[in-house]
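The values are calculated or read from the model by the stated rules, or taken from the named source; none is laboratory data. In this text, all values refer to a predicted model and were calculated from it rather than measured experimentally. Reconstructed Cβ throughout: ideal geometry from the backbone, glycine too, with neighbour counts over all protein chains shown.
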């Protein structure tokens, strides 16, 4: 990958695997079934939302995402897990987040 110019040469000063480099490559190489990223359908399943609602929330900036080389929205599993847990806690406390439960 270094020879092809995809990653910096680790022998040069200040070089290494930057998170941004790794994510860029991961997004470019994403294929269905890859567990590194979640699709809109998988996010909807985890959060109990429709795919359309996932798109609405990601458009609004509520759900952070990255675009793959093919233009698909991909989500980091760790971030979605935190959002799912926070939503679960709110629902248990009786604080129903209206923006997550109904479409605008």
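State yes or no: is residue 51 at pLDDT 90 or above, under 28 Å from residue 22 (Cβ atoms), surrounded by 18 or more Cβ atoms within 10 Å (Cβ to Cβ) and in contact with a helix residue (DSSP H, G or I) (Cβ under 6 Å, 6 or more places away or on another chain)?
No.
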- So which of 97, 13 ends up being at pLDDT below 70 and in contact with a helix residue (DSSP H, G or I) (Cβ under 6 Å, 6 or more places away or on another chain)? 97
- Take residue 102 and decide whether it is modelled with pLDDT under 90 and either under 11 Å from residue 40 (Cα atoms) or loosely packed, with under 10 Cβ neighbours inside 10 Å (or both). yes
- Does region 62-77 hold any residues that are under 19 Å from residue 90 (Cβ atoms) and either free of Cβ contacts under 8 Å to residues at least 24 places away in the same chain or in a helix (DSSP H, G or I) (or both), and which are they? 63, 64
- Note on the structure: When region 63-79 is checked residue by residue, the ones that are surrounded by fewer than 15 Cβ atoms within 10 Å (Cβ to Cβ) and within 17 Å of residue 52 (Cα to Cα) are 64, 67, 71
